[in-house]
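The values are calculated or read from the model by the stated rules, or taken from the named source; none is laboratory data. Bear in mind the structure is a predicted one, so any value in this text is a computation, not a measurement. Neighbour counts run over all protein chains shown; Cβ positions are idealised from the backbone, glycine included. All accessible areas refer to the heavy atoms of the entire protein, side chains included, with ligands and DNA or RNA removed. Shrake-Rupley method; radii C 1.70, N 1.55, O 1.52, S 1.80 Å.
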Amino acid sequence: MKTYKKLVAGALLASALVSQAVAQEAVKLGVIFPTRTIIGEQAGHGAELAAKQINDAGGILDGRMVELIVYDSNFSAVDGVSAAQRLLTQDGVKYILGEISSTVAFAVIPVVESEEALAMLAMPKHPDVTNSGYENVFRLNSTSQIDAASFGKYLTETVKPEKVAVLVQNDDIGLTSLEQMKQLFGEKVVFSDIFDVKQADFSALATNVRASGADLVCVTAANPEQSGGVFRSMADVGYSPKRCLLPGYLNNDLPDVAGAAAEGVFSQDVYIDTIDSELNNTFVKEYLAAQGKVPGKPEVLGFETVWIVAKAIDAAGSYDDVSKVAKVIRDTQWESPRGKLRFNEIGQALTEKLYNTVVKDGRVVRAD
Amino acid sequence: MELLLQQIANGLSLGMAYALVALGLTLVFGVLHVVNFAHGEFYMLGALVTVLVVKSLGLPYIVALLIAIVLVSAVAWVMDIVAVSPVARKPGGDQIVLVSTYAAGLIIVETVLAAIGPTPIAVSGFSGIVHFGSVVLTMHRVFMFAAGIVMICGLYMLFTRTNFGRSLRAVAQSDYAAKVVGIDVERIKTLTFVLAGGIAGLAGGLIAPIITFNATMGLHAGIHAFVVVVIGSMGSIPGAVVCGLSLGMIESVLSIFLGQHVAATLIYSLLLVTLFVRPQGLFQGALR
Amino acid sequence: MLELRDLSLNYGSIPAVRGLTVRVGPGEVVALIGANGAGKTSTLKAVLGLENAKGSVVLDGVALDKLPTPARVLAGISLSPEGRHVFPQMSVEENLLLGLTARTRPQAGSLTQEMYALFPRLYERASQKAGSLSGGEQQMLAIARALMSSPKLLMLDEPTLGLAPIIVSQLRVIIGTLKARGTSVLLAEQNAEMALACTDRAYVLENGKVAKEGLSRELSQDPAVRAAYLGLGEGDEE
C-alpha cells in the first residue's frame, strides 16, 4: 500500500514537473470571504494585492504564478463548508485562506482537516479557532482575549473613567464584550444596553445613555452604519463623553458614516495605515493606487493570508507537502505591513503590541 | 419627565419612518390584494438614489428626493409589468405574486450590491438641531416628520378629492363593481403600484440621512413595515399611519425601562398578540 | 340600437350561452326571462365585455367585440349588476360619481341632481355609506350609478331579487320613467310576471338559447310561458 502511494506520488510529481515545464501551471490558493459584505470585500482586495505583488516579483516555485480561487462564504457555516469542499475536492486546492467569521471558521476547520489541507484564517476572533487540535490551522487576527487584556489596561490606566456606559450589539461578540466591561469596571458601569444587529435608528438609545451621565461610552458594533448611528445620535442630543469602540472595529468607515460625530472616538487595533515601515508604505501606496482607498485591518490581514502562505510554499519548495509548508510558517519570523509577527505553537499570530487609534480630522490615526 | 418627553419625540420620528414605509405596502395590498415582498427594496432604492444624487452629482437634497420619487416609481412600473400584473391576473396569482415579488426584490438587492458594493453611504439632509423646551430633535428628523405629515395629507386629498383616488378606492372595495362602472381596473392597479413605489422612494430618501444607506436596509425595513401593516389591518391607510406612529412611540418609551433590544423585539410580540386576539388587525376595513 | 349576433360563451368546457341573437331597438324595453342558469347574467356580462364571448355585440351599427369594458361603458352601455355591487365603504354620492364616464363627467352636478330627483331616497342618504343602505336602496343606487354614464342602453340584472313587493312596484315605475326618457333597457329577470308587465318585448332563454321571443303582452298570455314562468296553470287567473 505504501509503495503504491509512493508510486502514485512519484507519478504525480513527474506529471507536475512535466506540466510545469510545459505550461508553468499556476499555484492555486483557495480564498473564502463573505465577499458581498464590506469587510469581506476589503479583505479580498488585500489578498488580491498580495498575489499581484508576488506575481509582479516573478511568482514562486521558480516562476509559477499565484492564482486565487475566491468563493463567497456569505457569513454562513453552510456556505463556508460548501465553498471549502469545492475548493479542496473539485478545484484541487490544498490551502484555504481568508474568512471573517469564527462560526464559519469552526465549521470549515474539520473539512480542511479531513483533506489534510492548511487553513490560514484572516479575521476570526474567537480564541478557540486555534484550539481545534489540527496543527495546520493558523490565525492572523488578535483574539478577543488578547484585545481585552490590552484595551482593559489602557482604559483603566490611561483613560480612567468615573462612570461607564456600555452599548453592544446582540450577538456573541457584543455580549462577551459587555461581560468583560462589567468585570473590568464593576460598579462603575452605570448603564448598559443591547441593540439588534439590524437596528437602524438609535435616537432612543442615545437619549437613554445621555440620561445615565456616563463620562465614557464604550460601543461594540461590527457594522459602521451602527456604530456610526450610535455616535451620531449621541451627538444629535448634544452628548459628548469620551467614546470608544471595541478593539478591532474602528476604521475609516466610521468617520465616513458618522462625520463630525466620530471625532475623538478611540480604540486599539493590530494595524493602522500610518505605521512607518518600508513594507507598509509600499502596501499603502499600492493599495491606494488599486482601490482608491487607504487600507485598514481587513485589507492587511487579507494581504497576509496570501503573502505568508505563498512565501512559505516557496520556502518549502513544495505545494503538495502541506506539513512542510506549515512547519515553515511556524518557524519563520514574518515581515508584514503591520510589523514583525510570529505564530505560536497553536498557530496564533503574535505581534509586539496593539496600536492605540483615534478618529482625528475625519481619519483614523495612531493615538500614540 | 424630560427623558419621557424626549423619548416620545424620538418615537414620533421613528414611528413616522415606520409609517412611511408601511404606507405603500398597505396601499398595494388594499388595491391589488397582493403582498409586495419587494416593497422594502423600493425604500432602499429611494435611499440609494438620494445618496447618489447628492454625493455624486452634487445636487441639493430636495432635488435628490424628487429624483428618487421619479426613479423608484419607474422601477415599480417596470416591476409591475414584469412581475406583478401578468402573474396576479392568473388564478391563484395573488399567492404567486409573493414569490415573483420576492424574486424581483432579490434581483434588486443583488444588482445594487454588485454595482455599488456593501459599503454604507452616509448623506446629510437638513443640518441643525431644534429645541422644543427640553426636548431636542435634529432638524432633519423634524423635516422628515413634517414631510410625512404633508405626504399623508396629500394622499388623503388624492384619495378623496380626485377621480383617480375615487377609482382607486373603488377597485380596493370591489374589483368587479369597479369593472362594471367602466373603471380600467388593470390601469388603476398599475398606477397604484407605481404610486406605492414613489411613496417608498420618498420614504427612503427622507430616512437615508437618519440611518445611513446600505444595500440590505430594505429587507429589515420591509419586515418592520409588514408588521405595522398586519397590526394596522392589511390595506388600511389610517391603520398603517396610526400603528407606525404608535409602535415607534412604544418602542422608544419602553426602551427607558426595558432596554433597547427588548423594546425593539416587542413589536413582534405585539404582532403575535394581534394575530391571536384580532387577526383582522386593529383597523379592519378597506381603504377609506 | 343593440344587436347580439350568434353570441356564445363558455365557462371552461361548460357552455353558458349558445348562439344567442337578441335585438333591442332605440327606446325599447326588452326582457330576458328564464330560470336560474338559463344564461341571462352571462349574456349581460358578455355585452359589457366582462366575459370573453364569441359572436358579435353591435351598438348603433358599431361592433364592440374588440373593445374592453371601459370603452363599452364609454360607448353607452351600462349595467346594474346582479347583487347590486355598490361600493359599501363609500357614500351614496361617491357611488354615483363613480358611475360617471369621461363623457359625462362635465355634467356631474346636473346628473347627480337628476338621480336625486329620480330616486328621492338616495338624496336623503347622500352622505351615508352605501353599505348601510337597505337592499332596496342599494338597488336604487346601483341603477342610479349605472345611469350616471347617460347610457344609450341600460342593462338591469335581477333588480327585483330579494326585494319587497312595494319596492318591486317602485322599480316598475322607474323603468317606465326611463322608457319615457328614451333610454333603451335590457332587463334580465327571473320574476317573469314583473318583467313581462313592464317591457315591450321579451326573449325566453333556456339553456343558453332563445326558446321563444315576442311581444311581452303576447308572451304573458302564452300558455307554455305561463305554465313554466308565471307559476299559473290553464284558466288559473290570479
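Here is how the numbers come out for the structure above:
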read-out	value
Unique residue being within 20 Å of B:CYS243 (Cα to Cα), of a type in the set (A, V, I, L, M, F, W, C) and at pLDDT 95 or above when the list is B:ALA38, B:ALA22	B:ALA22
Condition check for A:VAL108: part of a loop (DSSP other than H, G, I, E, B) and either touching a Leu at 6+ places or on another chain (Cβ under 7 Å) or crowded, with 17+ Cβ neighbours inside 10 Å (or both)	no
Residue count for segment A:298-335, restricted to those that are part of a loop (DSSP other than H, G, I, E, B) and either among the β-branched types (Val, Ile, Thr) or open to solvent by less than 10 Å² (accessible area, probe 1.4 Å) (or both)	1
Residue ranges of helices (runs of 4 or more DSSP H) in segment C:152-235 with at least 2 members under 13 Å from C:ALA31 (Cα atoms)	C:165-181, C:192-197, C:216-219
Whichever residue in segment A:231-264 is over 21 Å from the mean Cα position of the chain (by Cα) and away from chain B (no Cβ under 14 Å) and, among such residues, is least open to solvent (accessible area, probe 1.4 Å)	A:PRO241
Strands (runs of 3 or more DSSP E) fully within segment A:195-279 counting 3 or more residues that are under 26 Å from B:VAL135 (Cβ atoms)	A:216-220
Residue in segment B:265-288 that is within 14 Å of chain A (Cβ to nearest Cβ), among the polar types (S, T, N, Q) and buried (at least 19 other Cβ atoms within 10 Å of the Cβ) present	no
Any hit, segment A:37-53, residues being within 16 Å of A:ALA312 (Cα to Cα) and part of a strand (DSSP E or B)	no
Test: residue in segment A:144-153 that is under 30 Å from A:GLY228 (Cα atoms) and assigned to a strand (DSSP E or B)	no
Tally of residues being surrounded by fewer than 17 Cβ atoms within 10 Å (Cβ to Cβ) and either polar (S, T, N, Q) or modelled with pLDDT of 95 or more (or both) across segment C:87-104	1
Residues within segment A:149-177 that are at pLDDT 90 or above, among the hydrophobic types (A, V, I, L, M, F, W, C) and crowded, with 18+ Cβ neighbours inside 10 Å, tallied	7
Qualifying residue in segment B:90-104 (condition: within 14 Å of another protein chain (Cβ to nearest Cβ) and surrounded by 12 or more Cβ atoms within 10 Å (Cβ to Cβ))	no
Meets criteria (buried (at least 21 other Cβ atoms within 10 Å of the Cβ), among the hydroxyl-bearing types (Ser, Thr, Tyr), part of a helix (DSSP H, G or I) and out of contact with any Pro (no Cβ under 6 Å at 6 or more places or on another chain)) for B:SER13	yes
Subset of segment A:190-213 (residues that are more than 7 Å from chain B (Cβ to nearest Cβ) and more than 31 Å from the chain's Cα centre (by Cα))	A:VAL190, A:ARG210, A:SER212, A:GLY213
Residue among B:ALA146, B:ALA178, B:ALA172, B:ALA115 that is free of Cβ contacts under 8 Å to residues at least 40 places away in the same chain and within 14 Å of chain C (Cβ to nearest Cβ)	B:ALA178
Among the residues listed as C:THR177, C:THR160, C:THR199, the single one being free of Cβ contacts under 8 Å to residues at least 60 places away in the same chain, open to solvent by less than 20 Å² (accessible area, probe 1.4 Å) and not charged (D, E, K, R)	C:THR160
Single condition C:TYR116 does not satisfy, out of (1) surrounded by fewer than 22 Cβ atoms within 10 Å (Cβ to Cβ); (2) touching a helix residue (DSSP H, G or I) at 6+ places or on another chain (Cβ under 8 Å); (3) within 14 Å of another protein chain (Cβ to nearest Cβ)	(3)
Which numbered condition A:GLU286 misses (of (1) of a type outside the set (Gly, Ala, Ser); (2) more than 25 Å from A:GLU41 (Cα to Cα); (3) open to solvent by 30 Å² or more (accessible area, probe 1.4 Å))	(2)
Residue among B:LEU202, B:LEU258 that alone is open to solvent by 10 Å² or more (accessible area, probe 1.4 Å), more than 14 Å from chain C (Cβ to nearest Cβ) and under 23 Å from B:LEU65 (Cβ atoms)	B:LEU202
Subset of segment B:237-254 [among the polar types (S, T, N, Q) and either within 13 Å of the chain's Cα centre (by Cα) or within 14 Å of chain A (Cβ to nearest Cβ) (or both)]	B:SER252
Only listed residue being buried (at least 22 other Cβ atoms within 10 Å of the Cβ) and within 14 Å of chain A (Cβ to nearest Cβ), chosen from B:VAL28, B:VAL21	B:VAL21
Residues that are open to solvent by 20 Å² or more (accessible area, probe 1.4 Å) and closer than 18 Å to A:ASN251 by Cβ, drawn from segment A:198-230	A:ALA222, A:ASN223, A:GLU225
